[in-house]
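Let me begin by presenting the structure, written as structure tokens, before commenting on it.
Only the coordinates and a few stated rules stand behind these numbers; no lab work does. Keep in mind that what you see is a predicted model, and the values were worked out from it rather than measured. In this analysis, Cβ positions are derived from the backbone assuming ideal geometry, glycine residues included, and neighbour counts consider all displayed protein chains.
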Amino acid sequence: MNMVANSTKETALADSSAQASPQLQSLLEQLMHLSTTQKGASDVTAFMTFLGHWISRRFESIDIQGLEHVSNDRSHLFISNHRDILLDVVLINHALLNKGKGAARAIIGSNLMEDSAMSSLMSLAGCIVVPRGEMPLKQKFLALKDLSNTLCDAQKSSHLWIAQREGRTKDGIDQTNPAILKMLSLARKKEQPLRDFLNEKNITPVAISYEWDPSDTHKALENHFRAIAGPEGDIPRTDGIKHLIDSLESCAGRVTVRFGKPLEAKENNEIASLRQQMDQFLLEKYRLYSSHQAAARKQAGEIMPPHLLYAFTQLQRRCKSLPKPAQEQLFNIYSNSFHHYSNSR
């Protein structure tokens, strides 16, 4: 990165930090200092360590399980449900780094790089960018094939993380998009069986469960505007760095991170078998909290039992600044998660 571009990004990040609390401003200033000392180069471990310390003080508890499935001498491609732009991969790295497992580089959409401040942070974090947006089919295929080759090279020296779908889950229902798995396979040589190629990737599932979704108000508003505008209509766009700052400020309650055993692609049914295993892992390991139960009770018009009153009050507090229809959307996010996961158990 040249000095002018780097300076511009530092300025954008500095301007954005003015929106944050004093504590978060301090964190962003440390990240800006790190960006300066690294001269535009990435330092995944330092970046994730900074943010890991931050979230460990903000969340009430972080319950980490399944790290015995993570090898000390082989890289993993972690795939998880996706609830927050930054916190999902920060939590995974917090778990890995605390046990000396090495950091994971995130695979993110190019849309996140459109904002100068976000681009600065994502570059510092060593993120690998997936092309998004409209482009000719052949051009997109070649871009994704190049990306797949890049991921193969990157995994030789580092863990990787990718979300199970493009974009965060906004309705509370986590499901794997097979296109993600197909993209990973584009670097395969013709003579290598697809099953062998995918199993070499050491694809490892992770379930992330938030008691209080750090992005719930943003998602509720977006769902509200989408309901008004329709599938193809324009809706107000949230500034990327502001969204990130709000998420970091909203860390609260408990969170659970569960690592599973590496998935195994089945012959003649490779992509479908991985998708099924990933979704089944989430159905079994996603943790439901009282926030989900309280929302489901409220949406069903049922009397709130005493043991859920605190969670219900907290949900009301979280959505009090939203317009009434958006408040309903917020309750739907938590309620949908409850029904999606409880119905499978």
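Of note:
- Charge dipole (debye, nearest 20) of the chain; +1 at Cβ of Lys and Arg, -1 at Cβ of Asp and Glu: 480 debye
- Database remark: amide H of His159 closer than 5 angstrom to the amide H of His76, Arg105 (H placed geometrically; neighbours at sequence offset of 5 or more, or on other chains; Pro and chain starts carry no H).
- Extension gain for Gln175 to Thr313 (0.36 nm times residue separation, less C-alpha to C-alpha distance): 46.8 nm.
- The ranking of Val90, Val255 from fewest to most other beta carbons within 10 Å of each one's beta carbon is Val90, Val255.
- Cα shape, the range 3-289, gyration tensor, a/c 1.5 rule: rounded
- The phi-based Karplus calculation (6.51 cos²θ - 1.76 cosθ + 1.60; θ = phi - 60°) puts the 3J(HN,Hα) values of the range 153-159 at 5, 5, 6, 5, 10, 7, 5 Hz, whole numbers, x for Gly and Pro.
- Residue-by-residue Karplus 3J(HN,Hα) for the range 221-226, coefficients 6.51, -1.76, 1.60, Hz, glycine and proline x: 5, 4, 4, 5, 5, 5
- Relative contact order of the range 129-280: 28 percent, from C-alpha pairs under 8 Å at least 6 residues apart in sequence.
- In order along the range 287-299, phi translates into HN-Hα couplings of 8, 8, 10, 4, 4, 5, 5, 5, 5, 5, 4, 5, 5 Hz, rounded to whole numbers, per the Karplus curve 6.51 cos²θ - 1.76 cosθ + 1.60 with θ = phi - 60° and x for Gly and Pro.
- Summed over qualifying helices (DSSP H, 4 residues or more, each -39500 (n - 2.57)) and divided by its residue number, the chain shows a 222 nm mean residue ellipticity of -16500 deg cm²/dmol.
- For the range 53-83, trypsin sites (Lys or Arg not before Pro) meeting the loop criterion (DSSP other than H, G, I, E, B) and having at most 16 other Cβ atoms within 10 Å: Arg74.
- Available extension along the chain between Arg226 and Glu264 is 9.9 nm, counting 0.36 nm per residue and deducting the alpha carbon span.
- Selection from Gly109, Leu86, His76, by position along the positive dipole direction of the range 66-114 (Cβ): His76
- Dipole of the chain [Lys/Arg +1, Asp/Glu -1 at C-beta], most positive-end residue of Pro236, Tyr310, His159: His159
- Close amide H contacts of Ile64 (hydrogens built in the peptide plane, cut-off under 5 Å, sequence separation of 5 or more or a different chain): Val257.
- Taking Val129, Val70 and counting other C-beta atoms within 10 Å, the order from fewest to most: Val129, Val70
- The DSSP beta bridges internal to the range 3-289 are antiparallel in roughly 20% of cases.
- Under 17 Å from the Cα of Lys298 - lysines, other chains or at least 8 residues apart: Lys320, Lys324
- Scanning residues 5 or more positions from Arg132 or on other chains, those with amide H under 5 Å from its amide H are Ser110, Asn111, with H placed 1.01 Å from N in the peptide plane.
- Each of Ser157 and Gln192 was given a label point 7 Å from its Cα along the Cα-to-Cβ line. The distance between the two points is 1.9 nm.
- Contour minus Cα-Cα distance for Gln280 and Asp146 (0.36 nm per residue): 45.2 nm
- Computed label-point distance, nm, for sites Lys138 and His69 using a 7 Å Cα→Cβ extension: 4.2 nm
- Among the GluC sites (Glu not before Pro) found in the range 269-345, those both in a DSSP coil and sparsely packed, with 15 or fewer other Cβ atoms within 10 Å of their Cβ, are Glu302.
- Footprinting exposure proxy ranking of Ser247, Ser61, fewest other C-beta atoms within 10 angstrom first, gives Ser61, Ser247.
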